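To keep things clear, I will list the structure first and then write my remarks on it.
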Amino acid sequence: MYADRLPTAVRQLLTDLLVVFWVYAWIRAGIWVNDTVEKLGVPGQKLQEAGTGIAGNLGDISSKVGRVPVVGDDLTTPFTRAADAANSLAEAGRQQQEMVDNLALAISLLIVAAPLALVLFVWLPLRLRWMRRAGVASKVRDEPAGQDLLALRALATRPLNELTKLGPDIAQSWRNGDAAAVQALAALELRDMGLKPAKPR
């Protein structure tokens, strides 16, 4: 999970903690935005409650008026129509709430999606790649063949200014199988990954 060398391990730990905080902060921001946008649905909720209440009251009145002999059915018609209009009002309030809910969800997902995409597609692949490389390197560093592989990789990938610090003839020494040169090159490659060199035999 982490490097052998303390500075690299501390940097990795701090980066991991920063990423966790980054994700947490954006999720909290998404929740806050969702809650804020949801408040726009309060008028729709009140409209629905008012429409439902009015429709219920008109329905009760209609049923009572309908009991009036002879003219009861005629008297209920206006109340029934008014109740239908109140139900339409309540439905409009419900639809407004639904629209606000969908909008709040969409905005929240958009806010959270971009930071999570950075973590999943940038940071995580780099972190896993290092773990894979470091895992293989730590397995082979104590093996003679592994030392040769690490030395060869250092010769192929390390900048020239780093290689020349090991000596002007480091490549020739490696070709000649000089154990000290191989160990120095392997240690250079391991240091780049934050790993300690192989233990002396």
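The values are calculated or read from the model by the stated rules, or taken from the named source; none is laboratory data. For clarity, every value in this text was computed on a predicted model and none was experimentally measured. FYI the Cβ positions are ideal-geometry reconstructions off the backbone, even for glycines, and counts take in every protein chain you see.
Do you know which of the residues in region 124-166 that are without any contact (Cβ under 8 Å) to a residue 12 or more places away in the chain and not in a helix (DSSP H, G or I) is nearest to the chain's Cα centre (by Cα)?
If we take residues in region 124-166 being without any contact (Cβ under 8 Å) to a residue 12 or more places away in the chain and not in a helix (DSSP H, G or I), then PRO159 is nearest to the chain's Cα centre (by Cα).
Any residue at all in region 168-179 that is at pLDDT below 85, within 27 Å of ARG11 (Cα to Cα), charged (D, E, K, R) and out of contact with any His (no Cβ under 9 Å at 6 or more places or on another chain)?
Going through region 168-179, the residues at pLDDT below 85 turn out to be 168-179.
Narrowing further to those that are within 27 Å of ARG11 (Cα to Cα): none.
The answer is no; no qualifying residue exists.
Kindly evaluate ASP84 against the criterion of being assigned by TED's automatic domain parsing to the domain that holds LEU58 and farther than 20 Å from SER63 by Cβ. Write out each step before concluding.
Working: assigned by TED's automatic domain parsing to the domain that holds LEU58: yes; farther than 20 Å from SER63 by Cβ: no.
Judged against the criteria, ASP84 is not a match.
For every residue, the table says whether it meets (1) under 19 Å from the mean Cα position of the chain (by Cα); (2) part of a helix (DSSP H, G or I); (3) surrounded by fewer than 16 Cβ atoms within 10 Å (Cβ to Cβ).
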| site | (1), (2), (3) |
| --- | --- |
| THR8 | no, yes, no |
| ASP16 | yes, yes, yes |
| ALA25 | yes, yes, yes |
| TRP32 | yes, yes, yes |
| VAL42 | no, yes, yes |
| GLN48 | no, yes, no |
| THR52 | no, yes, no |
| LEU58 | no, yes, no |
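Which members of region 153-201 meet the condition of being surrounded by 11 or more Cβ atoms within 10 Å (Cβ to Cβ), charged (D, E, K, R) and within 16 Å of ASP4 (Cα to Cα)?
Within region 153-201, GLU189, ARG191, ASP192, LYS196 meet the criteria.
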